[in-house]
Structure formats: C-alpha cells, structure tokens
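Every read-out reported here was derived from the displayed coordinates using simple, explicitly stated rules and does not represent laboratory data. As the structure is a prediction and not an experimental result, all values here were calculated from the model. Please note: Cβ atoms are built from the backbone with ideal geometry, for glycine as well, and neighbour counts cover all protein chains shown.
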Amino acid sequence: MRSSNPVFSRRGFSRSGGYAGFGAAPQAGSPAAGQANPYAGGNPYAQTQPPTNPYATGDQQNLTPEQLQQMYGTPPAGPLQTGRMTMDDVVMRTGMTLGTVIVAAAVAWIAQLPVGVGFGAALVALVLGLVQSFKRTASPALIMGYALFEGLFLGVISQVYNDRWSGIPMQAVLGTMAVFVGVLVAYKTRLIRVNARFQRFVLAAAIGFILLMAVNLLFAAIGGGDGLGFRSGGLGIVFGLVGVVLGAAFLAMDFKQIEDGVQYGAPREESWLAAFGLTLSLVWIYLELLRLISIFRD
C-alpha cells in the first residue's frame, strides 16, 4: 500500500501486478487461493504455506483456529495479536500525521514566518516524501518529518493568501473537509468504483496535469506573471476544478487501498503508508482549493 498521489511514485503494486515486498500470489491449494484481489489475483499478503504453531505437536499443527479454540477454550488471535493492520490503526496514524500538519501550520501562522522559510520547508517536505516513497517499508520518522515541514509550508502560504483574500484559508479547509466526506460517502455507497482502469485513467490525467503545471511555472519564471495563464482567469478556474477532481480521485484510491489492506491482512506498519497517502491527498486538495477560491474572489 502506498500513496496514490502521483507527485510521489506508487510503490505498492509492482509492474507484474503483485504487491511489492510481500511475496507472490498464493499457490493453488493454499488457504488464500481463489480470493479476489482485483490487482494481484489473490491475497497479496498470503504466505505460500500456512503458518504453524511452534508449540503444537503431531496433528495439532493442522488444526484450524476454531478447532484450537474448542481444544483450549480460548478465542483465536485477532488482528492486534497477529500484527495485522486494522481500521483503528489507520485512523490513529492519520490523526497523528494530520495533527502534526495542523499544529505546525498554526505555529507558522502565529509566528508569521517569512515566505522564504515556508518554501524552504516545502523543499524539505518534498525530499522527505520522495525518500519515503522509494523505501520498501514505512518509516514513521520520515512520514512525521514530512508532516511537520509540510505543515510549516501550509501555515506560511495560508498566511500569504489570507493577507490578500481575508478568510480564504478557512474556506479552503471547509472545502477540503466537504470533498473528503463526499468522496467517502460516494465510495462507501459504490458510486465510485476503484478498479485498475480507474487507476490508470487517474494516473495518466495526473501526470498530464503536473507536466502542464511545470511548463506553466517554467514560463512564469522566465517571462514573469502567470506564465501560460493556466493558474489565473478562466483557464485557472478550469485547471483548479481539474485539480480538485484529481485530488478526490486520489482519496478514492486511498480508500480502496486501505480497504484491501484491512481485508487481506496487511502488516500493521502499512497503516503508516495509508496515513501518508491520505495526508498527501488532503494537502493536494487544500492547495488546489486555495488557488481556485482566490481566482473566484478576484
């Protein structure tokens, strides 16, 4: 599992359709064979052989958890005992990362940090995010470091927008919350169905969007103003709406990955990557809404 934000490469699923770092699809006859993973054709976390009880002897090695429960009078181990990811893990880690972003943004806002410090923090956050993106395992230190520096940048840039358009950061926050709730409801009611085709389309659109924004930024740096005009006026409104829609699609893909991780028994450490992905998507949406609302306010 990893972030679905295309700014950072998707580390989770390999080119062959398997899940990187967690072994191949289950062999025929294994307990997980035949389960429907829409991406890998089976449970990406399944082991090729069922785990054995090192303290059991003889035929006890082949007993099911229910049979062991009847034998010893104790319930089978749950996700917390087996080290598997739960929804509570995802909620807790996401709360930690988003809480760090919010606290850091508040500190930057109250301290009125210079714009140069804000963009320096953005650069550090980008580097930390890229390092985590290319790691095969989750690093809580990198993810929390990213949240800290990203929060400092958001606090500075929000102050800049607020100085010109009073109240716009709060409007962007409320808009981000509305998008999150809307996508969650649409996903849970299956109005949005995330499959391989959906992912390919969203990632292709996101790559094109990022390339256009990069070209616009280059022209702006060379010729001044807003470059090709992709971020102001009528074109700015169109591209702002496209950016928000892409952010909503990232959220839907994050929800799908979290659902699959819980269903297929992902390691608990994967909850950090889920929190990382959700944070990236929400930051993306917030920044796009800042830009979009500022154009409307003009």
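Sort the range 137-202 into rounded, prolate or oblate with this rule: let a ≥ b ≥ c be the square roots of the eigenvalues of the Cα gyration tensor; rounded if a/c is under 1.5, and if a/c is not under 1.5, prolate when a/b is larger than b/c, oblate otherwise. Oblate. For the range 201-291, a/c is not less than 1.5, where a ≥ b ≥ c are the root eigenvalues of the C-alpha gyration tensor, and a/b tops b/c. That puts it in the prolate class.
Defining a contact as two alpha carbons under 8 Å apart and six or more residues distant in sequence, what relative contact order in percent does the range 109-153 show?
Relative CO of the range 109-153 lands at 50 percent.
For the range 178-195, 3J(HN,Hα) computed residue by residue from phi via the Karplus equation (6.51, -1.76, 1.60; θ = phi - 60°) reads 5, 5, 4, 5, x, 5, 4, 5, 5, 6, 5, 8, 6, 5, 10, 10, 8, 9 Hz, glycine and proline entered as x.
Backbone geometry of the range 276-287 corresponds, through the Karplus equation with coefficients 6.51, -1.76 and 1.60 at θ = phi - 60°, to 3J(HN,Hα) couplings of 4, x, 4, 5, 4, 5, 5, 5, 4, 4, 4, 5 Hz, x marking Gly and Pro. Answer rounded, prolate or oblate for the range 200-243, using the Cα gyration tensor with square roots of eigenvalues a ≥ b ≥ c: rounded when a/c is under 1.5, else prolate when a/b is larger than b/c, else oblate. Oblate, since a/c reaches 1.5 and b/c is not below a/b. With each label modelled as a point 7 angstrom along the Cα→C-beta vector, the A205-L126 pair spans 2.5 nm. Subtracting the Cα-Cα distance of K135 and W165 from 0.36 nm times their residue separation leaves 6.8 nm of extension gain.
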